[in-house]
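Worksheet: one structure, shown below.
The values are calculated or read from the model by the stated rules, or taken from the named source; none is laboratory data. Just so you know, these numbers come straight off a predicted model, no measurement behind them. So basically every Cβ, Gly included, is an ideal-geometry build from the backbone, and we count neighbours across all protein chains shown.
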C-alpha cells in the first residue's frame, strides 16, 4: 500500500521540520508576508502545522467551514488567487527541499487546490 | 477519576480526554484539530499531574506553568483545571517606595501581603481598589532576593490613568495584584545555552530579573543584553547593569538609540540604528539560543520575526509585548 507523504516524511515529528521551512518561506515572500503581520507567531505556526498535516495526507479535522471562516478577514484585506498560488508555490518548494519528488508534490498541490474556494470565500 | 473545572466536579470515563469530558457537560472550550497540533484547546492544571504526552509542542515555560492540550489529555489521576487566562485571586500589596529613575520612568516597590509566587520575568495585573482599573506590568524583581517585595518599572504617560495614579501614592497605600502571568522566565534547562535579552524602554524590567535569576542559578552560557530606547533617558539602570557585568563573565551589555541613524555620533556612548541589525551583526547564528524580547508590541513582533528568519526556533523565542491602552474614541474601534 502506498504511503502518504505524511508517512513518507516521517509522520508527526517531521511536521516540525516541515513547518519551520514552510513558515519561514512564507514570511520571507513579499507577495504574501503582509497577511501574517500582527499575528501571534506561535499560534500561527501551530495552524500552519495543522495545514501541512492535512495537505500531506495526515490525520486532521479541518472542515471547509473552518478554512472559510479562518480566512475571511484576510479576504477582506485583499487576499486573492495570486496569494493562494504563492502559498502553494512555497508549499511545493518546501517539499522539494525535503526531497519529495515532483509527482508527489503535484498530488499535494492538488489537495491544497481543493481548499481554494473556501480559503478565498468564493 | 475526578476532573474539576469552574466548581464543577466531573467523573471521567475510561479513556476519555479532558476536552471530551468538558464538552460533554456543555462547557464551551475552544478546539479545532483534536490531534494535539493546533493548540486551540490549551488549558492549565492547578492541581494534579497531566501526562507529558498531553504537553507536546508547548514551550518549556508553558509546561512549567501546567499548560496542556486538553484534546490529548487522558489523566491518570484527579485533576483540577482552569482556563489559561484564569488569574486566581487578588493579592493585596502596599507601597514600599516610588523612586524616579528618569523624568518619565519610576521604580515602584510593593510589599506582598498574601500568598504570591512568581518567576523572574513574569508579569502581573495591577488593580486600583477604588474602581478596579487594571493594567499589566512586568516584574523586575527576583523572589529569591527581593523576598516579599516586588519591583516594577513604570513609564508615566501624559494622561495615563494608572501610571499617574501610582505616582500619587504614598508609602503603605494599597494596591491589588493578580497573576503571575507570562511565559518569559528562566528555566534550569537553559543553563548551558546562550541567552539573548533584547528590551525596549521599560522592556528592560523583566529582562533585568531574568538576568539576575539566570546568574543566581549558575548559568554557564553567554548572556547578551541589549537595551534600546528612543532617547538617552529610556536607557535607565546602566550603573546597575554595569555592576552585574563587571562581576559576571560572560555577560555582554550594549545600549542603543533606535531613533537615530545608524553610526550616528550623536548617540554616543550608546549605539545607533535598529537593535536587530546590530544584533544580527554581533551574533550571526541564533540556532539554539534562548531569546527573550520585551517592549512595545510592534518592535517585539518585528524582532521575533527577524530572529526566526535568522534561524532561531520559534519555541526558543519568549516574547512579552507591551501595548499601550488608548481611550476609545466615539465611532472608532475599541483598542484593547
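Computed values, structure above
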item: Subset of the stretch A:54-71 [free of Cβ contacts under 8 Å to residues at least 12 places away in the same chain and in contact with a helix residue (DSSP H, G or I) (Cβ under 6 Å, 6 or more places away or on another chain)]; result: A:60
item: Selection from the stretch B:138-150 of residues that are closer than 23 Å to residue B:201 by Cα and in contact with a helix residue (DSSP H, G or I) (Cβ under 8 Å, 6 or more places away or on another chain); result: B:138, B:139, B:140, B:141, B:142
item: Residue identified as modelled with pLDDT of 95 or more and part of a loop (DSSP other than H, G, I, E, B) among B:107, B:111, B:119; result: B:119
item: Meets criteria (more than 14 Å from chain A (Cβ to nearest Cβ), surrounded by 19 or more Cβ atoms within 10 Å (Cβ to Cβ) and in contact with a strand residue (DSSP E or B) (Cβ under 7 Å, 6 or more places away or on another chain)) for residue B:112; result: yes
item: Single residue of B:320, B:282 found to be in contact with a strand residue (DSSP E or B) (Cβ under 9 Å, 6 or more places away or on another chain) and within 14 Å of chain A (Cβ to nearest Cβ); result: B:320
item: Within the stretch B:247-336, strands (runs of 3 or more DSSP E) holding 2 or more residues that are at pLDDT 95 or above, within 22 Å of the chain's Cα centre (by Cα) and closer than 25 Å to residue B:125 by Cα; result: B:290-296, B:317-322
item: Test result for residue B:225, within 22 Å of residue B:284 (Cα to Cα), in contact (Cβ under 8 Å) with a residue 24 or more places away in the chain and not in a helix (DSSP H, G or I); result: yes
item: Qualifying helices (runs of 4 or more DSSP H) (wholly inside the stretch A:1-64; at least 1 residues being facing chain B (nearest Cβ under 8 Å)); result: A:12-28, A:41-55
item: Where residue B:200 falls short, out of the listed (1) out of contact with any helix residue (DSSP H, G or I) (no Cβ under 9 Å at 6 or more places or on another chain); (2) at pLDDT 95 or above; result: (1)
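Every residue, every condition in (1) assigned by TED's automatic domain parsing to the domain that holds residue B:317; (2) at pLDDT below 95; (3) in a loop (DSSP other than H, G, I, E, B); (4) within 23 Å of residue B:63 (Cα to Cα), yes or no:
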position	(1), (2), (3), (4)
B:130	no, yes, yes, no
B:141	no, no, yes, yes
B:145	no, yes, no, no
B:163	no, yes, no, no
B:171	no, no, yes, no
B:192	yes, no, yes, yes
B:206	yes, no, no, yes
B:212	yes, no, no, yes
